[in-house]
């Protein structure tokens, strides 16, 4: 069982210090929770030993998936500090505050079944702004290949209805203010998972994403 560091707005686990990745569920608490996303994150962490962040307050109190708005500033600082601790532990942050290795950030969210059907996952990248085009291509191919083995009914789409809030890009490019981000080797993907899939195929979703993290860690990227 993972030991979490608990703050006022988030709890986080820094992983084993070997995986260049973290997963998160930042809309995990009701009201307005993305149900089962915290359990998916916990399952991925258990299978891979990667780092993870889970919100401990509702988005109605502080939405950590938005730009600073006067209400979420303290929560955003906690969240961003958590990401910084995870990256610091990996030893990939250079003096210029840019990371020197590709880093995978999977943000787990939930959508209603009527958007794309009960077996759908939509992945948002702000139309390619939150990741490189090469990493987006790699992720799509890796997910679809494994999904076809696990449950062929899964329908994976990119950047259609849920491209992601503008803040999805901030870890990569900064927010235009104090938060500078970590550069072009930071790759963020927002995964909107259908409710039916989250509730009834939780182990399959965990296996799919844990496999993706494992493949990412083994891959020697040339970009």
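Compare the peptides 48-59, 206-217 by average per-residue count of other Cβ atoms within 10 angstrom and give them in order, highest first. Write down the numbers at each step before the final one.
Working: 48-59: 22.6, 206-217: 19.9.
The packing order, highest mean first, is 48-59, 206-217.
When the chain is fully extended, how far beyond the present Cα-Cα distance does residue 141 get from residue 74, taking 0.36 nm per residue of separation?
Values: separation 67, 0.36 × 67 = 24.12 nm, distance 3.76 nm.
My answer for the length gained is 20.4 nm.
Looking only at region 137-158, which residues have a backbone nitrogen under 13 Å from a spot 7 Å from the Cα of residue 223 in the C-beta direction?
Answer for this model: 137-141.
Arranged from highest to lowest average of other beta-carbon atoms within 10 Å per residue, in what order do the peptides 169-178, 13-22, 34-43 appear? Numbers along the way, then the final one.
Values: 169-178: 16.4, 13-22: 19.0, 34-43: 21.4.
So the order, starting with the most tightly packed, is 34-43, 13-22, 169-178.
Residues of region 1-25 with the amide nitrogen closer than 19 Å to a label point 7 Å from the Cα of residue 58, along Cα-to-Cβ, please.
8-11, 25
Report, largest value first, the span of the C-alpha coordinates of region 5-218 along each principal axis, in whole Å.
Principal axes ranked by extent give 45, 38, 31 Å for the Cα atoms.
At a Förster distance of 30 Å, what's the computed FRET efficiency of residue 112 paired with residue 177, Cβ-Cβ distance as r, to 0.05? Write down the numbers at each step before the final one.
Numbers: r = 33 Å, r/R0 = 1.11.
Calculated value: 0.35.
Among 107, 132, rank each residue by its count of other Cβ atoms within 10 Å, from fewest to most, as a rough exposure measure.
On the way: 107 26, 132 18.
Starting with the residue having the fewest Cβ neighbours, the order is 132, 107.
Cα centroids of region 153-180 and region 1-73: how far apart, whole angstrom?
Centre-to-centre distance over Cα atoms comes out at 16 Å.
Give me 77, 161 ranked fewest to most by other Cβ atoms within 10 Å of their Cβ, as a rough exposure proxy. Present the calculation step by step, with values, prior to reporting the outcome.
Numbers: 77 15, 161 11.
In order of increasing Cβ crowding within 10 Å: 161, 77.
Taken together, the values in this text are just the output of simple stated rules run on the coordinates, not laboratory data. All values reported here derive from a predicted model rather than from experimental measurement. No Cβ is skipped: glycine too gets one built from the backbone with ideal geometry, and neighbour counts run over all protein chains shown.
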